Amino acid sequence: MSETNETNGTAGIIDVVSLYPKDMNIYGDSGNVLTIARRLALYGYAPCIHEINQGDPWPAHVDMILGGGGQDTGQKKIIDDLFARADDLRAFAADGVPMLMICGLYQLFGHYFETIDGTRLDGIGIIRAHTVGRDVRMIGNLVEHSARFGDIIGYENHSGQTFLDPGVEPLGRVDHEGTGNNGEDHTEGARVNNVIGTYMHGSLLPKNPAISDFLIRSATERRYGSFEPRQTKEWAAELKRIDAIAAKARAVAANRPR
Amino acid sequence: MMTAHNATSQTSTAVRTPSGQAASRRPWSFATPLIGKAVRKAARLAHFGGSAFPGKIAESIDPGFLARTLGQLPLGVVLVSGTNGKTTTTRMVASVLENLGLKVFTNPTGSNFTRGVVSALLDQVTLGGRLDADIAVLELDEAYAVHFVRQVKPRYCLLLNVMRDQLDRFGEIDNTARLLSNVAEATTGTVVLNREDPRIAALTDVAAAAQSVRYFGLDASLRSFFPSDDDMATTVSLPGVAQGVASSKASDAESAANAASPVDAALAAEAVHSPSGGADSGLESAVSGELPADVTLMAVGDHQATFRIDGADLTTPVRLEGVYNLYNAAAALAVVRAVLADIRRDVADMSGTRGAAAPTGPDASAARVTDVSQSDTDALLEALSTVTPAFGRGESIDVNGSKVELLLVKNPMGFRLSLASFPPEGHDTMICINDEYADGRDMSWLWDVDFTSLRGTGVAMVSGVRAWDMALRLEYDQVPVAETDTELDKAVERFVTANPGVPKHIYCTYTAMLAVRARLGHMTEVADAGVGR
């Protein structure tokens, strides 16, 4: 199952769950999985990616969980399975498993989603927030500011307005009304311990290595007690090159029209 | 989004039947062609590019112009829409009908919105407002198609597929399917649907009011080549990573590299991408196989294709490359056959009542229509065999002795199909990614394309506004990139002049394609593909 690639793995295996890649994969969110896998390998860890769809059992180890956005139909397909897993997910979150939930799964990680016609769909309540359906989409390039991660660069595309409960920390702050969680309070996303929810596509992680490395560091510290990369010079150089390209892509993206 | 709600509240104002009277004609409308033409000329002189601007003027002073002008056509309007392949397919339908002997009005490539059609009409109508054509074949963007059918009811519609494309414009693919269901509903004659796309095939339900529904389809042996958009995430491979699920991808990739022909290679490459291989991947839907297809693409070879029509497998030479283009050819044949069936019926009806008299329209048109009614399937395939690729679909330009192929990429599936159809070995590769409105602002889609097929040859040049996003994407797929330069003009020039004699592939988004063609136009002769330079 977790075979070791000959070019990496001396620092240990990291088991990454890609949650619902079949139905919650829209807008390139699989780029997040690719980014985590590549960076783990370049830090000297052996990434093992587990694609978990409805009905699939959890792998023996879960070190990180990545979930993406989906259409309404995709959300309907996974909702029963998500509730069946809700207790496990809450336990993982409480135990410090880093998670990144984009868009649709971010919404379902909240308390509930109220559709335009007033129907209330329950979420699994890991992030204390709720979402209200709207008939206008918030859509476009977005830069948000975070003390922990610096500027976060991405592309939002959602019609739900998400409101965080008092005391819940947003992932970042946005400059303009009409953008972010709800277009009103200048927040975007949420972070609860090691769980990040956000509307940012792009994909998010390739252009935001600081968040990628936060997820990786949290996963390795939780499993092995510390983050100790075992890199060859080549891997370190390659990571540096990737991050230099990411910095250029960030600079361009930050200056593009909405 | 902008169209979803309008789409559902459409009404049928200003709609007319081909023989009916114009609705809501304004007193000054007789002058519309003159005013429109004058604006068009002025716009050109003033270097506005003159494509949609005159249409805008004509639309606002005479909203009935479109319906009135297209309403004269004796054979009505064929509307082509869908996410991928509109331009190629529209060109094929128009060329085949023309080759058979009809006079066809069609909109130039890229002006796939209503004003573009109005502008093109202004160019061709007489000052008296007459359009000298038998039939119109129009390519319309999904959202504009809805706008269009509010004004003009097409007699035929050809709906190709619904894929993720510029989602920042339409929202979601299920929403895009809803836009197209409006088009199917508004069609008065025949609705032609892609049997292998579940969202399109399902439109048969809303087309009940139309006279008939036809399908075009793929033989089971080719279906794995068209993975469903819904399979996308599971088809992006994670190179150099131990996967939780066992996979035989390496050996599949090897067989792709060793395959004899480009088509074999493409098919094998696709097999690599399919998560579970054959039958349950691809666009194959639950309904597929139960619906009889009017035209089925059975097999593809080197510049030849086999179609099953009326129970017979017919092989024909083609000038188009790639299984994807040939599936579009099946779509084009299906709609042309629907047009021919109506022509034959009308001619037979007329000859029954009035001897050899023409069905409709002026004499010249009637004579052409009567001639075309004699066309058999062989004539149809012969007409198809001469169609050449459209703008950006394998268009080939000679630059200083190097063959440069321009490949338009707009969405993940289209990009993947192009990569699979044009193996990189023996070629230099350049990728140009812009993010203007027409390209789509969101770069997320690049992460749904698997670029690992370029790992062996690498990419010589990456350019466009979002060159660094593209370079980052390639980096994560471990594809070597020789040079990245956001200055597109300079990058194109360096790329095409390097390694003389080595053929080249340039993958471009829409606005990048326009810029690349313009640059190449300064260096060599570039044919006008209907979009201007």
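The numbers here are math on the coordinates, done by the rules we state, and not lab data. Note that this is a predicted model, so its numbers are computed, not measured. Cβ: placed from backbone, ideal geometry, glycine included. Neighbour counts: every protein chain shown.
Details
- Kyte-Doolittle at least 0.0, axis length at least 15 Å by Cα - qualifying DSSP helices, chain A: A:30-42, A:233-254
- Ranked packing of B:498-506, B:192-200, most packed first, by mean Cβ within 10 Å: B:192-200, B:498-506
- Solution diffusion estimate, µm²/s, Stokes-Einstein, the range B:416-533, Kirkwood Rh from C-alpha pairs, 25 °C, viscosity 0.890 mPa s: 169 µm²/s
- Net charge over other residues, Cβ less than 14 angstrom from the Cβ of A:R222 (K, R count +1; D, E count -1): -3
- Selected from A:G70, A:G31, A:G55 as most flexible by GNM, with chain A as the system and alpha-carbon contacts under 10 Å: A:G55
- Flagged links, alpha-carbon separation over 27 Å, of B:K410/B:K504; A:K207/A:K233; A:K22/B:K410; B:K403/B:K490; A:K248/B:K410; A:K22/A:K240: A:K22/A:K240
- In a simple Cβ point-charge model (Lys, Arg +1; Asp, Glu -1; nothing else charged), the range A:53-177 has a dipole of about 40 debye relative to its Cα centre.
- Of A:G197, A:G104, A:Q231, farthest towards positive along the dipole that unit charges on Lys, Arg, Asp, Glu beta carbons give chain A: A:Q231
- Counting only residues at least eight positions apart within a chain, or on another chain, the aspartates and glutamates with an alpha carbon under 17 Å from that of B:K153 are B:D134, B:E139, B:D141, B:E142, B:E185, B:D342.
- All Cα-Cα distances of chain A, cut into 10 Å bins from zero to the largest, leave 7, 32, 37, 19, 4, 0 percent in each bin in turn.
- Annotation note: GluC sites (Glu not before Pro) in the range B:368-430 located in DSSP loop regions with a Cβ neighbour count of at most 16 within 10 Å are B:E425.
- Charge tally around A:Q54: other residues with Cβ under 11 Å, Lys/Arg +1 each, Asp/Glu -1 each, net -1.
- The GluC sites (Glu not before Pro) found in the range B:462-531 that occupy coil by DSSP, while having at most 11 further C-beta atoms within 10 Å, are B:E525.
- Other protein chain C-beta atoms within 10 Å of residue C-beta, averaged over A:15-25: 3.
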